[in-house]
Amino acid sequence: MHLITNKVGDVLIVSIESDLLNSKDKKTLQVTLEPLLLSGIKVALDLSRLKDADVSGFESLVSLYENVKKTGGEIKVFSLKYPSLRSLYEKLCLHKKIETFNHKEEALSAFARVD
């Protein structure tokens, strides 16, 4: 798995540049993002290139969510484009835990509403 990060204002956008998210990716997410998780950070997670995931892969997103929350930050997900991926995401009720949007602009606007 490859991650690309960039900042838009005070929001860190993290793009998962991979077709599949699974248990092997948890460590990559932790090692890459842990140093960036400052107090109160806002993270927008771009899943537009992700085509498939298993339960373990989504568990890594929950772990990221929990780490961001521990520091007083927020995380939002956007661009779950593939129906099978969105279906699993919803079956696991992640959309109830992590605010989820269709487009990056919507996620960024949601951060602005919270301020």
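Going by amide H atoms built from the backbone, whose H comes under 5 Å of the H on residue 45, apart from near neighbours?
When sequence neighbours closer than 5 places are left aside, the close amide H contacts are 14, 76, 77, 78.
In the stretch 46-74, whose amide N lies under 19 Å from the spot 7 Å out along Cα-to-Cβ of residue 96? List them in ranges.
Taking a point 7 Å out along Cα→Cβ of residue 96, the residues of the stretch 46-74 whose backbone N falls under 19 Å are 55-56, 58-63, 65-66.
Rounded if a/c is under 1.5, else prolate if a/b beats b/c, else oblate: with a ≥ b ≥ c from the C-alpha gyration tensor eigenvalues square-rooted, which is the stretch 50-115? Before the final figure, lay out each step's value.
Details: a/c = 2.36, a/b = 1.28, b/c = 1.84.
Here the stretch 50-115 falls in the oblate category.
If amide H atoms are built 1.01 Å from N in the plane of the peptide, which residues on other chains or at least 5 residues away come under 5 Å of the amide H of residue 92?
Here nothing satisfies the definition.
Within the stretch 58-72, list the residues whose amide N lies under 17 Å from a label point set 7 Å along Cα→Cβ of residue 5.
Answer for this model: 61-72.
What percent antiparallel are the DSSP beta bridges of the chain, to the nearest 5? Before the final figure, lay out the partial values.
On the way: 7 of 22 bridges.
Once the DSSP bridges in the chain are tallied, antiparallel ones form about 30 percent.
What are the ³J(HN,Hα) values, in whole Hz, obtained from phi via the Karplus relation 6.51 cos²θ - 1.76 cosθ + 1.60 with θ = phi - 60°, for each residue of the stretch 60-65 in sequence order, with x given for Gly and Pro?
5, 5, 5, 4, 4, 4
With the chain treated as a Gaussian network of Cα nodes joined by springs under 10 Å, which of 17, 74, 90 yields the largest mean-square fluctuation?
Checking each option, the largest mean-square fluctuation is seen for 90.
Can you put 113, 49 in order of Cβ neighbours within 10 angstrom, beginning with the fewest?
Listed from fewest to most nearby Cβ atoms, that is 113, 49.
Give me the number: length gained by fully extending residue 38 to residue 17, i.e. 0.36 nm times residue separation minus the C-alpha to C-alpha distance, one decimal in nm.
Details: separation 21, 0.36 × 21 = 7.56 nm, distance 2.28 nm.
Fully extending the segment from residue 38 to residue 17 adds 5.3 nm.
How big is the dipole moment of the stretch 2-114 about its Cα centre under a simple scheme where the beta carbon of each Lys and Arg is +1, that of each Asp and Glu is -1, and everything else is neutral? Debye, nearest 20, please. Don't skip to the end; give the middle numbers.
Working: 17 positive and 15 negative charges, 29 e Å.
The calculated dipole for the stretch 2-114 is roughly 140 debye.
How much net charge surrounds residue 27 when only other residues with a Cβ under 15 Å from its Cβ are counted (Lys, Arg +1; Asp, Glu -1)? Don't jump to the answer; show the numbers that get you there.
On the way: positive: 24, 26; negative: 25, 34, 59.
Spelling it out: positives minus negatives among the neighbours equals -1.
Starting from the Kirkwood radius over alpha-carbon pairs of the stretch 2-114, derive D by Stokes-Einstein at 4 °C in a medium of 1.567 mPa s and give it in µm² s⁻¹. Intermediate values should be presented prior to the final figure.
On the way: Rh = 13.8 Å.
D = 94 µm²/s.
Can you list the residues, at least 5 places off or on another chain, whose amide H is less than 5 Å from the amide H of residue 8, using H built in the peptide plane?
Amide H neighbours of residue 8: 13.
Values quoted throughout were computed directly from the atomic coordinates according to the rules given, and no laboratory measurement underlies them. All values derive from a computational prediction rather than experimental measurement. Every residue, glycine among them, receives a Cβ derived from its backbone with ideal geometry; neighbour counts consider all protein chains shown.
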